[in-house]
Amino acid sequence: MLQVSSTDLAGGRFNGHAIGPRLTQRGIQSRMLVWNRQSQDATVRAFLPLRGARRMNAWLGRMERARSIHARLQYQSFLLAAHPWFREADVVHYHLIHDGWFSLDALPFLTRRKPSLWTWHDPWIMTGHCIYPLGCGRWRTGCGACPDLTLPFAMRRDRTADQHRWKQGVVGRSRVEVILASRHMQAMAEASPIARGLSTHLLPFGVDLDFFTPGDVAAARARLGIRPDRVVIGFRGAAENMFKGGDLVIEALRGLPAELAEKLCLLSTHAHGQTLPFVDRHQVVELGWNTDPLLVRDSLLAADFFVMPSRAEAFGMMAIEAMACGKPVIVTDGTSLPEVTQAPEIGIAVPAGDVPALTAAILRLIQNPYERAARGAAGRALAEARYGEAGFADGLATLYRGAVVRRGAAP
């Protein structure tokens, strides 16, 4: 089994890296080829670790941006077929291959050589250029006349219709089965002309329920330096990533009553500096970007609840991890998050972009410890029922073995 992705540790909880030991327990040897190797794991190798390869790839990226195209010129991806691990694999599973190192034109060539699966971690493959369409429906009819070329991956001029046609052709020529983690993404695929005729499988990601589990809150807070008398609001920062809604959390926090001063702790990850306006009113703890699983777990254990008002989301791994730790989650409509958190029964969903509604939901959980406890316990039960890593590994093993059988039976 070969996993192919851009990195190993960043996104490792869903890109095929962390699940490797579970697959080994099921009789499947999993190895990984990545463009940027971050770990020293012996089962991971850097694809094309040649001197000058990164410089050449950066030059190709500049060429693409000048031509308003994306994921087309990196022809080194054809060389994957020559790698010993590719040749030895029974199945190849593609993950994040659209972030600037892989040409999709290689996909038909590669997928004809090995039984192949491809997890769509976001809707980019279904659009003319953007990672998330944010309410625009032109992806359903071929794009063109794009209302916002600045969304990632940005274009200088509108070639969205051309990119959409090109993607449809590439996917149509590829022999690949697609894995989708949510019904939200499944519904998009069913409406997409690019995905028409593809074999798709619904398989939610899983988390390690023995690791992400309700634990010693006081100890986690002590390790992070959080005062024991505070109600702790956890959230993901990263204002530069508009899709995650960190800026909406900041605006919502501004609307909290003044009498809550000195009673809250704002605990953020993935960014520094966003909570500085609140240092005179609340305790502020900013953990920034990190890949340390112990720190990720501590940040969830220490929180009384987790706020995740994403403008767009294909699944929502942090919401699942928070629920697994017994924490209630506030999410936004129009994404996968109400589905995966089973709002309104377990998660709390507010309208996308509605800052007053988000403020009200945050205030509600601040003021209702019994509701926090009830929703947290229900979230843990949901994680155990639907989102265990063992069940995810079982699903992958079934798909991998089935892909080999189906390829052998195909004409």
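The values are calculated or read from the model by the stated rules, or taken from the named source; none is laboratory data. Everything numeric in this text was worked out from a predicted model, so none of it was measured. Glycine gets a Cβ as well: all are built from the backbone with ideal geometry, and neighbour counts include every protein chain shown.
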Select, from 154, 145, 189, 161, the only residue that is of a type in the set (Gly, Ala, Ser), touching a strand residue (DSSP E or B) at 6+ places or on another chain (Cβ under 7 Å) and not assigned by TED's automatic domain parsing to the domain that holds residue 342.
189
What are the residue pairs meeting all of these: first residue in segment 40-57, first residue without any contact (Cβ under 8 Å) to a residue 60 or more places away in the chain and assigned to a loop (DSSP other than H, G, I, E, B), second residue surrounded by 16 or more Cβ atoms within 10 Å (Cβ to Cβ) and among the aromatic types (Phe, Trp, Tyr), Cβ atoms under 6 Å, and 6 or more apart or on different chains?
47/35
Of all residues in segment 145-165, which are in a loop (DSSP other than H, G, I, E, B) and surrounded by 15 or more Cβ atoms within 10 Å (Cβ to Cβ)?
146, 149, 151, 153, 155, 158, 159
Being crowded, with 17+ Cβ neighbours inside 10 Å and assigned to a helix (DSSP H, G or I) is the filter here; which residues of segment 166-185 pass it?
166, 167, 168, 170, 171, 184, 185
So residue 278 clears everything in (1) buried (at least 20 other Cβ atoms within 10 Å of the Cβ); (2) over 28 Å from residue 181 (Cα atoms); (3) of a type in the set (Phe, Trp, Tyr) except one condition, right? Which one?
(1)
Looking only at segment 74-98, how many residues end up being in a loop (DSSP other than H, G, I, E, B) and either surrounded by 19 or more Cβ atoms within 10 Å (Cβ to Cβ) or not assigned by TED's automatic domain parsing to the domain that holds residue 6 (or both)?
7
Residue selected from segment 342-352 under the condition among the hydrophobic types (A, V, I, L, M, F, W, C) and out of contact with any Ser or Thr (no Cβ under 9 Å at 6 or more places or on another chain), by the criterion surrounded by the fewest Cβ atoms within 10 Å (Cβ to Cβ)
343
Sole exception among (1) touching a helix residue (DSSP H, G or I) at 6+ places or on another chain (Cβ under 9 Å); (2) in contact (Cβ under 8 Å) with a residue 60 or more places away in the chain for residue 265, by number
(2)
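Could you tell me how many of the residues in segment 324-341 are on the phi > 0 side of the Ramachandran plot and crowded, with 24+ Cβ neighbours inside 10 Å? Write out each step before concluding.
Taking segment 324-341 as the starting set, the residues that turn out to be on the phi > 0 side of the Ramachandran plot are 326, 334.
From what's left, crowded, with 24+ Cβ neighbours inside 10 Å: none.
Counting residues in segment 324-341 that are on the phi > 0 side of the Ramachandran plot and crowded, with 24+ Cβ neighbours inside 10 Å gives 0.
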Tell me whether segment 29-51 contains one or more residues that are more than 20 Å from the chain's Cα centre (by Cα) and either among the aromatic types (Phe, Trp, Tyr) or not assigned by TED's automatic domain parsing to the domain that holds residue 398 (or both).
yes
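Output the number of residues of segment 8-18 satisfying the condition of being buried (at least 18 other Cβ atoms within 10 Å of the Cβ), within 18 Å of residue 270 (Cβ to Cβ) and either out of contact with any helix residue (DSSP H, G or I) (no Cβ under 8 Å at 6 or more places or on another chain) or assigned by TED's automatic domain parsing to the domain that holds residue 320 (or both).
Here is the first cut: in segment 8-18, the ones buried (at least 18 other Cβ atoms within 10 Å of the Cβ) are 8-9, 11-18.
Subsequent filtering for residues that are within 18 Å of residue 270 (Cβ to Cβ) retains 9, 11-15.
With either out of contact with any helix residue (DSSP H, G or I) (no Cβ under 8 Å at 6 or more places or on another chain) or assigned by TED's automatic domain parsing to the domain that holds residue 320 (or both) added as a condition, the list becomes 9, 11-12, 15.
Within segment 8-18, residues that are buried (at least 18 other Cβ atoms within 10 Å of the Cβ), within 18 Å of residue 270 (Cβ to Cβ) and either out of contact with any helix residue (DSSP H, G or I) (no Cβ under 8 Å at 6 or more places or on another chain) or assigned by TED's automatic domain parsing to the domain that holds residue 320 (or both) number 4.
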Select from segment 292-308 the residues that are more than 22 Å from residue 386 (Cβ to Cβ) and assigned to a loop (DSSP other than H, G, I, E, B) and write down the one among them that is modelled with the lowest pLDDT.
292
Can you run down the residue pairs with Cβ atoms below 7 Å, 6 or more apart or on separate chains, where the first is in segment 85-100 and farther than 12 Å from residue 35 by Cα and the partner is charged (D, E, K, R) and assigned to a strand (DSSP E or B)?
85/31; 85/45
Restricting attention to segment 366-390, which residues are surrounded by fewer than 16 Cβ atoms within 10 Å (Cβ to Cβ) and closer than 24 Å to residue 15 by Cα?
384, 385, 386, 390
Conditions: (1) within 23 Å of the chain's Cα centre (by Cα); (2) over 14 Å from residue 307 (Cα atoms); (3) not assigned by TED's automatic domain parsing to the domain that holds residue 132. Residue 332 meets all but one. Number of the miss?
(2)
Within segment 186-197, considering residues that are among the aliphatic types (A, V, I, L, M) and in a helix (DSSP H, G or I), the one surrounded by the most Cβ atoms within 10 Å (Cβ to Cβ)
188
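Among the listed residues 21, 108, which satisfies the condition of being in contact with a helix residue (DSSP H, G or I) (Cβ under 6 Å, 6 or more places away or on another chain) and either not aromatic (Phe, Trp, Tyr) or not in a helix (DSSP H, G or I) (or both)?
On the way: 21 fails: in contact with a helix residue (DSSP H, G or I) (Cβ under 6 Å, 6 or more places away or on another chain).
On inspection, the qualifying residue turns out to be 108.
Modelled with pLDDT of 95 or more and buried (at least 19 other Cβ atoms within 10 Å of the Cβ): does that describe residue 363? Don't jump to the end; show me each part of the working.
Working: modelled with pLDDT of 95 or more: yes; buried (at least 19 other Cβ atoms within 10 Å of the Cβ): no.
Taking the combined requirement at face value, the residue does not satisfy it.
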